[in-house]
Protein chains: 2
Amino acid sequence: MNLLPLILAKRAGYELDETQIHTFVNAVSTGATPDYQISAFLMAVFFKGMTRNERVALTRAMAESGETLDWSALSAPTADKHSTGGVGDKISLILAPLAVALGMAVPMLSGRGLGFTGGTLDKLESIPGFSTDLDRAAFAKQMAEIGCGLIGQSGSIAPADRKLYSLRDVTGTVESLPLIVSSILSKKIAAGPASLVIDLKVGRGAFMRDLASAQALGTALRETAHDFGRRCTVLFTAMDAPLGLTVGNRPEVVESLEVLAGNGPEDIRDLTLALTSEMALLAGLSATAHEAWSRATAALDDGSALRIFGDIVLAQGGRLDLQAKGWGMPAAAHRAVLTAPVAGHLVDPDARKVGRIAVDLGAGRQRAEDEVDGSAGIIFARPWGASLARGEEIAFIEGADPARVDRAAEALGDVLEVAADPPTPASLFLGILDDAGYHSWQRPDISRRS
Amino acid sequence: MNLLPLILAKRAGYELDETQIHTFVNAVSTGATPDYQISAFLMAVFFKGMTRNERVALTRAMAESGETLDWSALSAPTADKHSTGGVGDKISLILAPLAVALGMAVPMLSGRGLGFTGGTLDKLESIPGFSTDLDRAAFAKQMAEIGCGLIGQSGSIAPADRKLYSLRDVTGTVESLPLIVSSILSKKIAAGPASLVIDLKVGRGAFMRDLASAQALGTALRETAHDFGRRCTVLFTAMDAPLGLTVGNRPEVVESLEVLAGNGPEDIRDLTLALTSEMALLAGLSATAHEAWSRATAALDDGSALRIFGDIVLAQGGRLDLQAKGWGMPAAAHRAVLTAPVAGHLVDPDARKVGRIAVDLGAGRQRAEDEVDGSAGIIFARPWGASLARGEEIAFIEGADPARVDRAAEALGDVLEVAADPPTPASLFLGILDDAGYHSWQRPDISRRS
């Protein structure tokens, strides 16, 4: 298949029709066209963009390049969440069972971490025995029985996206709005949830550095989801410092379990409640944000979400002990400690820098083929802004390889700052895009233990 | 070699330094980088352009990617001509021996035809026995003895250009000013002539459709040639109708021989005289355009240029009979004739359409791997504007394959027009860019047989 006519048309800024877009995706899927034509086309899209019609056609062709899942046999409304990626973002692990507790079915297909951001699949696989590789029948059975399966995006779901993404990654064509939209949504359209809440991260530790670009992406995502008849709300949240106090796979699972048990850091708990509440609103399970938030809070505090997570882990072969201290998660072989060099306040660390250190430590991947150390991670002893005495513990650096642990501890010591004055508390919630347009978002006034 | 940082820098519009450009060309030459990164970089260059410094660095790196020729041992000044390509453009065959007759040495490396434009190499190879494949020693010997060798651009001259050109051709990145400049000049810089006259074609049968784009390209070519210390003049000439009355390899050789013998169509003769005169001026062999034109005219009319062409052909194994009618060139096996359907004047045909018909006939290539029929071609019986009686012969279509000859005759019949009124004579010379800047160009007032 010779893509030259399509490359020239896009280069000149013409709108391609559905047949032409289908030809392109087919060329990608079949491998019948050399990569050099695909990458030239992608770079032309980077510079010339795509119209809404082109974006929908691209998303549809990519979604239909593989298997599409059908949940019409389930009685519960299907819903899902997508995060554009951050550091310490373990929300999916808490949100999935919590949404089930509120009455939703959550067919969640997750990816692996790459670069400085983590991946839900890696976190799940750090649980001893946990398998994310369910076949379709097992996945469907678990969806019917528990209401949730946490699996990997296999080669059969939107295979064109997998191929395109790996090519975009090495050809400088990642940062293109229509390519981002079609990549995110093709998988979600194929996986079948009726509604989708998007956590669009903005900040120095996010793909989107400024709110204006994030709003453009959010608008395009919501429009395109609507073009497929899916309900969609976009929450814009800050990603300047890591989310929660842990970065790394097992440490993040442990922190997630603490939140599921009604404890854990405020930011993780609030963000999970916010996203789950929006899912409940979209799914028609709650009439108001206040009601949704109350119900979700109760499901965390009464242990029902934790029990559902336990059911999912058990069904997927994982071994956790929900009664034991540390949840039965294996400890890391090596640990280093950072202490405050002076008295003062811990400044919010740069999420991107912390993410990179975690990757070097073995918690993530530089390249897709890198091996991950499930035990590797950074655990902050105190939240941002905490008042520290000189010599007080700030962070623990853990992992299987003592040399990497020492190197990461040194690097983290260079990144962490203790200031005389407490930092200005940063707002986690930047805004929301829903049926009322873009507007500010306020946490419902419900106390922690309602 | 991972080109991603260079792709991202160029995508953002940064100027690359010499080391970065060298890295890119090295990646192309060694084949150590996948084509998808090279094509993404090329598309970014298409959109973001290159500065003069980048263009020089790219041209230098490409020129130095292979062998560079050194003519310092020759006593004659070296000079060459480059045409940006047209239909019926056989100027090189006449110009090379004519420039030698005026005292220049011409190390001419030519290419093959692709698409609707012909190639000098194909024309030469339609002469029985003629070899364009000389080794370096034979080429140097012929340069020293005759003052000219007509050879192919072998893999050892600017190999990076060969690789890049074939990739640009299939990735929609041909029409980029810095890529065009570096492709043209890298070969000429490597081949070593001290001065270069460029015939920049403008019109419906040319790569450049309008004069403004052609002027931008001409300026960039001249600047870059100067950056390498080469003298350079750019002549802008019309390419709306075919040059001369023949299109196809053997027919064009025959027409060239007629011009070398002091006859042939006015446009071919004038364009050759103009380009050769500018070469003589650049080489310091003539003081004025009038003197150069007079000397060149004499060399055509006294047979000295034809004798030099005969020497070159003989040295390169070709068999021609300069005394015989038809010059000893084999006739085509099949011929069709087109006649005027009504009385009137022959309208200048669209060069691009005629070029395409000639390719279909077998005179050129659709793809690089196509075989060429040396005997195939179109011979117009009368020049544009000629007054024709009804039924008078307009054109002959010749070739080895009778079916293709018939098909081409039918297609040409659809393209040729006979109009009641004579067409307005078009100007061949549009302008010139030399030390005086861009200005109009006038044919010196010297009659045909001076």
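The values are calculated or read from the model by the stated rules, or taken from the named source; none is laboratory data. Owing to the predicted nature of the structure, the values given are computational and were not obtained by experimental measurement. Neighbour counts run over all protein chains shown; Cβ positions are idealised from the backbone, glycine included. Please note that ligands, DNA and RNA were not included when accessible areas were found on the heavy atoms of the full protein model with its side chains. Shrake-Rupley method; radii C 1.70, N 1.55, O 1.52, S 1.80 Å.
Quick notes on this structure:
- Shape category assigned to segment B:4-49 from the gyration tensor of Cα positions, a/c cut at 1.5: oblate
- Among the chymotrypsin sites (Phe, Trp or Tyr not before Pro) in segment A:118-167, none is located in a DSSP loop while being surrounded by at most 15 other Cβ atoms within 10 Å of its own Cβ.
- Net charge of the neighbourhood of B:Ala403, taken over other residues with C-beta under 14 Å away and scored Lys/Arg +1, Asp/Glu -1, is -3.
- Spin-label pair A:Tyr14-B:Glu175: with each label point 7 Å from Cα along the Cα-Cβ axis, the two points sit 1.1 nm from one another.
- The A-B contact accounts for roughly 1700 square angstrom of buried accessible surface, both chains included, probe 1.4 angstrom.
- Dipole of segment B:331-419, positive direction: furthest Cα of B:Ala358, B:Phe396, B:Val415, with charges on the beta-carbon: B:Val415
- Residue-averaged beta-carbon neighbours from other chains (10 angstrom radius) around A:32-38: 5
- Segment A:399-448 and segment B:377-450 have Cα centres spaced 75 Å apart.
- Relative contact order (percent, whole number), segment A:331-419, Cα cutoff 8 Å, 6+ residue spacing: 48 percent
- R0 of 25 Å, Cβ-Cβ distance B:Ala137-B:Phe228: FRET efficiency to nearest 0.05: 0.45
- Between helix A:304-315 and chain A: long-axis angle, C-alpha atoms, 0 to 90°, nearest 10: 70 degrees
- Distance from the alpha carbon centroid of segment B:284-352 to that of segment A:258-299 works out to 87 angstrom.
- Using alpha-carbon coordinates, inclination of helix A:159-171 to the longest axis of chain A, degrees: 70 degrees
- Exercise: per-residue mean of other protein chain Cβ atoms within 10 Å, B:171-178: 5
- In segment B:108-188, the portion of solvent-accessible area held by carbon and sulfur atoms comes to 55 percent [1.4 Å probe, whole percent, DNA, RNA and ligands not counted].
- Rounded tilt (10° steps) of B:35-48 against the dominant C-alpha axis of chain B: 80 degrees
- Inter-label distance, nm, simple model (7 Å from Cα along the C-beta direction), A:Ser156/B:Ser440: 7.6 nm
- Restriction of the trypsin sites (Lys or Arg not before Pro) in segment B:377-450 to DSSP coil positions whose beta-carbon has at most 14 other beta-carbons within 10 angstrom yields B:Arg390, B:Arg448, B:Arg449.
- Cα gyration tensor shape for the protein assembly as shown, rounded if a/c is under 1.5, else prolate or oblate: prolate
- Modelled label reach - A:Thr424, point 7 Å along Cα→Cβ, segment A:181-213 residues with backbone N closer than 19 Å: A:202-205, A:210-212
- Counting only Cα atoms, segment A:58-97 measures 32, 30, 12 Å along its principal axes, largest extent leading.
- In order along segment A:15-22, phi translates into HN-Hα couplings of 7, 8, 8, 4, 5, 5, 5, 5 Hz, rounded to whole numbers, per the Karplus curve 6.51 cos²θ - 1.76 cosθ + 1.60 with θ = phi - 60° and x for Gly and Pro.
- Based on protein heavy atoms only, segment A:142-251 ends up with 26 Å² per residue of surface accessible to a 1.4 Å probe.
- Normalising the average separation of contacting C-alpha pairs (under 8 angstrom, six or more residues apart) by the number of residues puts the relative contact order of chain A at 19 percent.
- Whole-angstrom gap from segment A:3-49 to segment A:156-176, using each part's C-alpha centre: 13 Å
- Relative contact order of segment A:4-49, pairs being alpha-carbon contacts under 8 Å that are 6 or more residues apart, as %: 56 percent
- For A:Glu291, the point set 7 Å out from Cα toward Cβ sits 10.1 nm from its twins in the other copies, listed from shortest up.
- Within 10 Å of each Cβ in A:42-49, the average number of Cβ atoms from other chains: 5
- Per residue, segment B:297-420 exposes 48 Å² of accessible surface when a 1.4 Å probe is rolled over the protein heavy atoms with every protein chain present.
- Where both bridge residues fall in chain A, DSSP classifies roughly 55% of the beta bridges as antiparallel.
- Antiparallel bridges, percent of DSSP beta bridges restricted to segment A:164-320 (to nearest 5): 0 percent
- Under the Karplus curve 6.51 cos²θ - 1.76 cosθ + 1.60, θ = phi - 60°, whole-Hz ³J(HN,Hα) for segment B:186-199, x wherever Gly or Pro sits: 4, 5, 5, 5, 5, 7, x, x, 6, 9, 9, 9, 10, 9
- Nearest-first distances (nm) between copies at A:Thr30, label 7 Å from Cα via Cβ: 3.6
- A label point on B:Ala331, set 7 Å along the Cα-to-Cβ line, lies at 10.2 nm from each of its counterparts in the other copies, closest listed first.
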